[in-house]
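Okay, structure first, notes after.
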Amino acid sequence: NLSKPIFAQDEMGRPFIIVKDQGNKKREHGIDAVRSHILAARQIAKLLRTSLGPRGLDKILVSPDGDINITNDGATIMSEIQLSNEVAKLLVELSKSQDDEIGDGTTGVVILASSLLDQALDLIEKGIHPIKIANGFDKACKIATENLELIADEVKIDTESVDANLSKDSDLFKAASTSLGSKIVSKCRDKFARMAVESVLNVADLDRRDVDFELIKVDGKLGGSLEDSKVIKGVVLDKDFSHPQMPKQVTDAKIAILTCPFEPPKPKTKHKLEVESVEEFKNLQEYEQSTFKRMIEQVKQAGANLVICQWGFDDEANYMLLANELPAVRWVGGSEIEEIAIATKGRIVPRFEDLTPEKLGHAGTVREMALGTTRDRILVIEHCDNPKTVTALIRGSNKMIVDEATRSLHDSLCVVRNLIRDNHVVYGGGSAEISCSLKVAEAADKQQGIDQYAFRAFSQALDVVPTSLAENSGLDPIQVLTSLKAEHVKQKNAYLGVDCLGNGTNDMRQQFVIETLIGKKQQFLLATQLARMVLKINDVIISGKDQY
Ligand code: ADP
């Protein structure tokens, strides 16, 4: 008998009992397994539901070592919770893939997936086979996404005058602003919306409708307030000039970007060097100095007036650089070196011998900037040869605000990017979901077989978005949903959604609450895919554990 306890003694002679019950633990098969998976998903969705929408609440996440993190971003919450259930882990992956592809709608996708599973459970209890339900969901999802295309609208992007998109009335600005509505930064929403639009437009290629996200860097820096955040057209480094007496600004900078050590050659400790007299020592010292001088000469001959170096140099080298009027920055990280090279159109030089005038990077100004009253300084490289690099510098009074603001800006950068790639939108506040729900319910009546059930279930699952939004805004969810559905049919208006902020109208088009069409479609597709996957699982086998 496996569960028979074994008595043992530890090294101090104290007795203890070993109960080997792993082998006897009952494994769940079939419908029981599906049921327990769905219950696990329900728990996760319950947690996330309260964060949805502009009135959604934030969560405090405490990491194992006590760091705290405040957020309402679905993907972040999901990535931080420690989960042991396998299906819950699938949901984490789900919000991650929505985040990677689209960057927004990460809470919505999880809630929708779990709601689909909830509905499926009812059908399973009725005795319908999970695969039949999954197939029905697939067909229903197709109808829903087709409906999304039908109700989609287009936003205007001014390709002639880029600045026109920065005005408060422009669609891009309004879209960015909407995506920030539910975040901590909503206080300075306009500022962040403008930052998002400005950053994306700066790197966007409007003719090809392409945005190179690599060129946008979001950099959080503690101190100041959110209002002090700004977009810098260039690169920001968390560094200062290597010597305090070097000039604080270099104009018309010609930059040597070095990845080799920039200091006098030092005898390496692993080689033995015998110095027997003072004379010899002096010679050695002179040799070192003259070599370093030659290095400085080389840099100057190439025409550089600023050195950015991946390595450090000691005080002596630093002093000599100052004496030779060659400002320098040391210990610049590898990825930053690459950014500088791209921005200034310079080459990364790994050896002094390779340094030539063509390999230098160019920037209009390189200046040190103080941050508030702290002693922290940053180095700003502006007016670079490649005008497309931008850095969004985010300031905030504490780390949690800076982190959450960084995440929020990322979301709205994604929204603007998605709109530039594809300017089709659907309206939010649950209006798109209600419209699709009605459409799928209508299609259900025309179905002959079991699909009818699956279609109805799908249609009801979509209701979770408007009901959660209503719930989070303190409204009566059922009443809101039923009256909205009735109005959709009566007015033939697919843009009616939950008036979360109490603006007095349910027309989301008037309120300009938009979501990108690709984002919404992706939500539907991913959620359906996940539901399908979970419904098909009827056993969990954990490798390495004896379960029989
Ligand atoms: P997600 O992480 O899924 O993007 P959010 O917390 O940003 O979640 O909430 C997005 C949901 O809130 C969407 O369904 C969107 O339509 C809705 N929403 C956003 N702003 C408003 C608003 N002002 N009025 C009504 N609904 C809104």
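The values are calculated or read from the model by the stated rules, or taken from the named source; none is laboratory data. It should be emphasised that the depicted structure is a prediction, and the values quoted were computed from it without experimental measurement. Cβ placement follows ideal geometry from the backbone for every residue including glycine, while neighbour counts extend to all protein chains displayed.
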Residue check, LYS272 surrounded by fewer than 20 Cβ atoms within 10 Å (Cβ to Cβ) and closer than 30 Å to ILE216 by Cα: no
Flagged in segment 432-470 as under 27 Å from the mean Cα position of the chain (by Cα) and farther than 15 Å from LEU112 by Cβ, in numbering order, are ALA470
Here is a check on your reading of the model: is VAL203 hydrophobic (A, V, I, L, M, F, W, C) and closer than 24 Å to HIS383 by Cβ? yes
Per the filter on segment 497-515, residues away from the ligand (no atom under 11 Å from the Cβ) and either touching an Asp or Glu at 6+ places or on another chain (Cβ under 8 Å) or touching a residue at least 24 places away in the same chain (Cβ under 8 Å) (or both) are ARG509
For segment 454-492, name all the residues that are of a type in the set (S, T, N, Q) and out of contact with any Ser or Thr (no Cβ under 9 Å at 6 or more places or on another chain). THR467, SER473, GLN479, THR482, SER483, GLN491
Residues of segment 30-44 being surrounded by 21 or more Cβ atoms within 10 Å (Cβ to Cβ) and either without any contact (Cβ under 8 Å) to a residue 24 or more places away in the chain or touching a Ser or Thr at 6+ places or on another chain (Cβ under 6 Å) (or both), which ones? ALA41
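Just a yes or no: is a residue in segment 52-64 away from the ligand (no atom under 16 Å from the Cβ), within 20 Å of the chain's Cα centre (by Cα) and in a strand (DSSP E or B)? Give the derivation first.
Residues of segment 52-64 away from the ligand (no atom under 16 Å from the Cβ): 60, 62-64.
Keeping just the survivors that are within 20 Å of the chain's Cα centre (by Cα) gives 60, 62-63.
Retained after the next criterion (residues that are in a strand (DSSP E or B)): 60, 62.
The answer is yes, given that some residue of segment 52-64 is away from the ligand (no atom under 16 Å from the Cβ), within 20 Å of the chain's Cα centre (by Cα) and in a strand (DSSP E or B).
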Some residue of segment 258-269 being at pLDDT 90 or above, of a type outside the set (S, T, N, Q) and either under 17 Å from ARG330 (Cα atoms) or not in a strand (DSSP E or B) (or both): yes
Selection from segment 465-496 of residues that are within 18 Å of ASN147 (Cα to Cα) and either in contact with a Phe, Trp or Tyr (Cβ under 8 Å, 6 or more places away or on another chain) or within 16 Å of the ligand (Cβ to nearest atom) (or both): VAL465, PRO466, LEU484, GLU487, HIS488, ASN493, ALA494, TYR495, LEU496
In this structure, does VAL480 turn out to be under 21 Å from ASN72 (Cα atoms) and buried (at least 21 other Cβ atoms within 10 Å of the Cβ)? no
